[in-house]
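Remarks on the structure that follows.
Quick note: the coordinates plus some simple rules give every number you see, no bench work behind them. Here the structure is a predicted model, which means the values were calculated and not measured. Cβ sites come from the backbone with ideal geometry, for glycine too, and all protein chains shown count toward neighbours.
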Amino acid sequence: MTNKRDLELIYEMGCLRHIQRTWKQFLGADFANLAEHTLRVAWIALILAKEEKADTGHIIKLALAHDIAESRTGDVHYVSRLYTKRDENMAVADILKGTSLEEEFLPLLEEYEKRETLESKIVKDADTLDVDFELHEQAANGNSLEKQKHAQRAESVFPKLFTESAKRMWKEIETSNVHDWHFNARNRFSEGDWKK
């Protein structure tokens, strides 16, 4: 029989798609919700882990768990963080209490917060880089926030990246085209009925 608390955890994690990241307040733009953010953080972290020769299984667990406290505390942005007090430790303890993941994931989240292991540093870098990917996507849609934020992020965020692979990726995001993935993919223009 499945642990009732495990079912409750799965339902709660499903609710992450309803938690808006607070960047939306600044522009009203269609920014990723918490579930979407977590998914891309995991993919970014996997790529960084390969470059850094880190444990990808450990990376995935850290990436999936890195923001689960926000299910109960909500997200805060760089302005509201100065005014908001959140008890993320209590939130995580309550979320995982009585689940079959409690014993494994509470220490993982402590590890993530300490930023002492290579894997925790990689996941934090991925968390940071996701914002830059999102800002670059917003710029491709005509939003000017990336231009306004780039110099500030270059001065205050870039130096806080832990890994060399994250620093390289950060620089590469600047010159990347958000549409290359589908322009360069097999498609009707390159392989299909619209090919010249």
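Points to keep in mind about this one:
- Restricting the range 127-180 to residues that are among the acidic types (Asp, Glu) and closer than 21 Å to Ala42 by Cβ, the residue that is surrounded by the fewest Cβ atoms within 10 Å (Cβ to Cβ) is Glu172.
- Taking the criterion of being surrounded by 14 or more Cβ atoms within 10 Å (Cβ to Cβ), farther than 26 Å from Asp94 by Cα and either touching a Lys or Arg at 6+ places or on another chain (Cβ under 6 Å) or of a type in the set (Asp, Glu) (or both), the only residue of the range 5-50 that qualifies is Phe31.
- Enumerated helices (runs of 4 or more DSSP H) restricted to the range 2-101, each holding at least 2 residues that are basic (Lys, Arg): 4-14, 34-52
- Residue within the range 96-113 that is small (Gly, Ala, Ser), closer than 23 Å to Thr2 by Cα, touching a residue at least 12 places away in the same chain (Cβ under 8 Å) and surrounded by fewer than 18 Cβ atoms within 10 Å (Cβ to Cβ) present: yes
- Taken over the range 48-76, the criterion of being within 14 Å of the chain's Cα centre (by Cα) and farther than 26 Å from Ile10 by Cα is satisfied by Leu48 alone.
- Some residue of the range 68-80 being loosely packed, with under 14 Cβ neighbours inside 10 Å, more than 19 Å from Asp127 (Cα to Cα) and either in contact (Cβ under 8 Å) with a residue 24 or more places away in the chain or hydroxyl-bearing (Ser, Thr, Tyr) (or both): no
- Cβ separations smaller than 8 Å between residues 6+ apart or across chains give the following pairs from the range 35-63 residues that are touching a residue at least 24 places away in the same chain (Cβ under 8 Å) to residues that are of a type in the set (Phe, Trp, Tyr): Arg40/Phe133; Ile44/Phe133; Lys61/Phe105; Leu62/Tyr112.
- A count restricted to the range 155-196 and to residues that are farther than 24 Å from Asp127 by Cβ, hydrophobic (A, V, I, L, M, F, W, C) and either part of a helix (DSSP H, G or I) or touching a His at 6+ places or on another chain (Cβ under 9 Å) (or both) stands at 1.
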